[in-house]
Structure formats: C-alpha cells, structure tokens
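Colleague: Below: one structure in structure tokens.
The values are calculated or read from the model by the stated rules, or taken from the named source; none is laboratory data. Note that the structure is predicted; figures quoted are calculated from it, not measured. Glycine gets a Cβ as well: all are built from the backbone with ideal geometry, and neighbour counts include every protein chain shown. Calculation scope for accessible area: heavy atoms of the full protein, side chains included, ligands and nucleic acids excluded. Shrake-Rupley method; radii C 1.70, N 1.55, O 1.52, S 1.80 Å.
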Amino acid sequence: MSECTHSPDVTRRLARINGQLNGIREMVHEGRSCEELLTQLSSVSSAVTQVAKLVLTEHLEHVVQSGGDTQETLEQLKKAIDQFAKLK
C-alpha cells in the first residue's frame with residue numbers, strides 16, 4: 001500500500017472530533033440525558049464520516065495521480081471504497 005499525504009484539514013477535523021468525544025465523556029460523568037448524549041454521538045458519527053470521505057477523496061486523487069499499472073490502480077481504488085463502505 002502506498003503512502004498518502006493528508007491535508008491539514010484531516011488533522012483539524014480529527015482534533016475537533018477528539019474534543020467532541022471528550023465533551024461527551026464529560027456529559028456522561030455529569031449524568032446528562034440520553035437524548036443529549038445521542039444527539040452529540042450522532043454529530044460525532046457524522047463528523048467521522050465526513051473525515052472518512054475526505055481521506056477517501058485524497059486517496060483517490062493520490063492513486064490516480066501516481067499513475068502506474070491500471071489494474072493495480074483499480075485494485076487500490078476498490079479496496080479504498082470497500083473500506084469506506086464498512087463505516088456504516
């Protein structure tokens with residue numbers, strides 16, 4: 001598998017998600033309502049999906065731009081799409 005450089009946006013989004021998760025942990029310790037927790041968990045889930053889409057997009061761009069063997073490129077793209085599909 002080839003290395004892929006990720007944009008600063010990936011790091012920034014992951015840091016935000018980490019902050020959201022820390023906030024949810026505090027909400028649990030505070031005994032906040034299930035509805036509030038589920039709302040925040042849904043938000044984190046959506047944010048993770050958006051980061052995954054960004055990583056997938058960056059990977060697709062990297063694989064296509066690197067050229068190489070067409071069959072190998074297709075295999076890498078299929079693997080990336082399969083991994084993304086496992087998110088849900």
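Colleague: Here are some residues: Val55, Val63. Which one is touching a helix residue (DSSP H, G or I) at 6+ places or on another chain (Cβ under 8 Å), in contact (Cβ under 8 Å) with a residue 60 or more places away in the chain, closer than 23 Å to Ile81 by Cα and surrounded by 11 or more Cβ atoms within 10 Å (Cβ to Cβ)?
Modeller: Of Val55, Val63, the one residue that is touching a helix residue (DSSP H, G or I) at 6+ places or on another chain (Cβ under 8 Å), in contact (Cβ under 8 Å) with a residue 60 or more places away in the chain, closer than 23 Å to Ile81 by Cα and surrounded by 11 or more Cβ atoms within 10 Å (Cβ to Cβ) is Val63.
Colleague: Do the conditions hold for Ile81, that is, is it aliphatic (A, V, I, L, M), under 19 Å from the mean Cα position of the chain (by Cα) and open to solvent by 80 Å² or more (accessible area, probe 1.4 Å)?
Modeller: Yes, satisfied.
Colleague: Looking at segment 4-26 only, could you name the residues that are among the acidic types (Asp, Glu) and surrounded by 11 or more Cβ atoms within 10 Å (Cβ to Cβ)?
Modeller: Once the filter is applied, which keeps residues that are among the acidic types (Asp, Glu) and surrounded by 11 or more Cβ atoms within 10 Å (Cβ to Cβ), segment 4-26 yields only Asp9.
Colleague: What are the pairs, 6+ residues apart or on separate chains, where a residue within segment 74-88 that is within 14 Å of Val64 (Cα to Cα) has its Cβ under 7 Å from a residue that is assigned to a helix (DSSP H, G or I) and modelled with pLDDT under 85?
Modeller: Gln76/Val63; Leu77/Val63
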